[in-house]
Amino acid sequence: MKIGRASLGGVIMVLLWAWVPAAQPAPQSPFVMVIFRNWIAWDRDQDGRLSPEEIDQIVLDGSVTGENAAAAGTLKLMTRRTEIKDITLTKEYFLNYDHQRLGKEAALTQDEAESQTMDLLNPEENNRHAPAAPPDWDLYFFAGKNRIARAAGGWTGRFNLDHMRQGPLSDCFFLASLGSLLVQRSEQLKSLLTPLPDGTFRASFPGQAPFIVRRPTDAELAISSVSAGDGCWLPVTEKAFGQFRMLKRGFDEDVEATDSISHGGRTGPTIDLLSGNRHKSLLVAPSVEQRQAEAGKVLPQLRAEILDAIRDHRLMTVSVMARAVDAAGRIVEGTDHGTAPHIPPGITRHHAYAIISYDEPGDVIGLWNPRGQNFVPKGTPGLEHGYRTEHGRFALPLVEAYSFCTNFTFEFPKQRSERVR
């Protein structure tokens with residue numbers, strides 16, 4: 001029996017369908033679509049996976065822009081997460097994610113997306129906002145696109161505390177210190193960076209050798225803090241701080257600088273760097289009982305330190321560090337096993353704040369939260385319901401601050417650091 005060409009072609013097609021696996025459906029996730037579109041270029045060694053080294057190269061590549069950069073920034077951020085570090089990032093992994101994706105970004109505003117992707121490694125807040133498994137890569141991708149757009153405008157020369165907002169790095173210690181410098185000595189803040197004709201910046205921290213900082217790539221903007229409407233000054237300053245830390249550790253300037261500030265730090269050494277002076281810290285007792293016993297001694301000391309710093313335009317920060325407690329609210333770590341302080345709603349734990357003002361007659365301090373959020377108490381403002389907050393600013397009676405804050409840090413003009421307890 002003769003088989004015509006058309007019939008032969010049909011037989012071949014049937015055999016091919018029998019032996020070749022069915023094609024995978026096209027991904028629906030916006031993030032995965034961008035990843036697949038760039039896969040050949042980004043998987044530089046063609047080993048079928050995206051390695052940390054390849055991701056860093058993409059993030060530092062200024063030609064990667066827009067949503068491609070937001071995807072690259074998302075790769076960088078998410079690979080810092082504990083549950084992602086040991087995962088091999090293959091096409092198969094992303095296809096599996098695409099099949100199970102949560103799709104939260106469709107229902108979120110820009111502010112909500114940024115809020116839910118702040119401070120990625122903050123122990124408490126990370127647990128509070130962490131997406132369910134599998135991690136929602138698209139949520140961070142959506143927020144990254146927003147951050148790139150909010151940092152548009154280049155160098156404007158404008159610096160506004162109300163426009164500053166912490167990004168997805170755990171660098172509240174730096175943002176709080178920087179915010180305090182903006183309030184107390186804005187001209188000194190402006191002198192930290194000098195824009196150069198070639199588009200780079202000269203970073204000059206007091207008492208340190210100047211160095212050159214390149215303008216952040218779009219991917220770096222996606223993982224940085226933002227100052228919407230004020231251009232790129234905040235992500236450039238953040239990058240300069242990270243680069244300074246990397247240079248001190250012996251790395252060259254061609255590294256992804258946010259690695260050095262992504263795991264938190266202390267405001268004291270940061271105040272030293274930004275101000276050119278030293279710092280002193282006043283540590284508050286861990287338990288309610290011990291705080292009450294020491295209030296007569298510590299509160300007057302706090303008032304005097306804050307008032308002196310305000311008068312001298314010196315930097316000040318305060319931290320809120322929550323202790324591990326049992327079901328009864330008793331501290332279960334360290335040598336003090338008393339009652340843990342109550343931390344009001346709206347107060348971010350494991351976090352640093354700038355002290356920006358002091359109302360001496362009312363004995364009230366003004367604080368700024370680097371998250372820059374708004375908060376409305378569900379009841380009378382105070383310890384029980386929290387404090388009305390606008391753009392991160394809120395007023396806090398010093399007595400109430402003493403009841404739950406952990407560490408007050410002050411710029412100190414003498415040539416030594418002090419820790420007071």
Query - Verdict on residue 388 being among the charged types (D, E, K, R), under 22 Å from residue 185 (Cα atoms) and out of contact with any Lys or Arg (no Cβ under 8 Å at 6 or more places or on another chain) - result: no
Report summary line: Taking region 361-400 and keeping only residues that are of a type outside the set (A, V, I, L, M) and touching a helix residue (DSSP H, G or I) at 6+ places or on another chain (Cβ under 6 Å), one is left with 363, 368, 370, 391
Query raised in the report: All but one of (1) at pLDDT 95 or above; (2) within 23 Å of the chain's Cα centre (by Cα); (3) of a type outside the set (Gly, Ala, Ser) hold for residue 244; which doesn't?
Result: (1)
Report task. Considering every residue within region 121-132, establish whether at least one is at pLDDT 90 or above and closer than 21 Å to residue 86 by Cα. Result -> no
Report summary line: Contact list, first residue from region 184-208 and at pLDDT 95 or above, second anywhere and part of a helix (DSSP H, G or I) and exposed (fewer than 14 other Cβ atoms within 10 Å of the Cβ), beta-carbon distance below 9 Å, six or more apart or interchain, is 184/312
Report task. Please enumerate the residues belonging to region 254-269 that are crowded, with 20+ Cβ neighbours inside 10 Å and farther than 21 Å from residue 216 by Cα. Result -> 267, 268
Requested in this report: Only residues that are of a type outside the set (Lys, Arg) and assigned to a loop (DSSP other than H, G, I, E, B): list them for region 78-96, please.
Outcome: 79, 86, 87, 88, 89
Report task. Test each condition in (1) surrounded by fewer than 22 Cβ atoms within 10 Å (Cβ to Cβ); (2) at pLDDT 95 or above for residue 417 and report the one that comes out false. Result -> (2)
Report summary line: Checked against (1) farther than 27 Å from residue 263 by Cα; (2) open to solvent by less than 60 Å² (accessible area, probe 1.4 Å), residue 394 satisfies every condition except (1)
Query raised in the report: Would it be correct to say that residue 410 is modelled with pLDDT of 95 or more and touching a Lys or Arg at 6+ places or on another chain (Cβ under 6 Å)?
Result: yes
Report summary line: In region 239-253, residues that are open to solvent by 10 Å² or more (accessible area, probe 1.4 Å), touching a Leu at 6+ places or on another chain (Cβ under 8 Å) and small (Gly, Ala, Ser) total 0
Query - Residues being without any contact (Cβ under 8 Å) to a residue 24 or more places away in the chain and over 23 Å from residue 258 (Cβ atoms) - total across region 38-57 - result: 4
Query - helices (runs of 4 or more DSSP H) (entirely within region 129-238) containing at least 2 residues that are buried (at least 22 other Cβ atoms within 10 Å of the Cβ) - result: 137-150, 172-184, 218-222
Query - Tabulated pairs, region 380-408, first over 22 Å from residue 173 (Cβ atoms), second of a type in the set (Ser, Thr, Tyr) and assigned to a loop (DSSP other than H, G, I, E, B), C-beta under 9 angstrom, 6+ apart or interchain - result: 381/387; 395/387; 400/387
Requested in this report: Count, please, the residues in region 344-374 that happen to be surrounded by fewer than 19 Cβ atoms within 10 Å (Cβ to Cβ) and hydrophobic (A, V, I, L, M, F, W, C).
Outcome: 1
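The values are calculated or read from the model by the stated rules, or taken from the named source; none is laboratory data. All figures in this text were calculated on a predicted structure; none of them were measured in a lab. Backbone-built Cβ (ideal geometry, glycine too); neighbour counts: all protein chains shown. When the accessible area is computed, the model is the full protein with side chains, heavy atoms only, and any ligands, DNA or RNA have been set aside. Shrake-Rupley method; radii C 1.70, N 1.55, O 1.52, S 1.80 Å.
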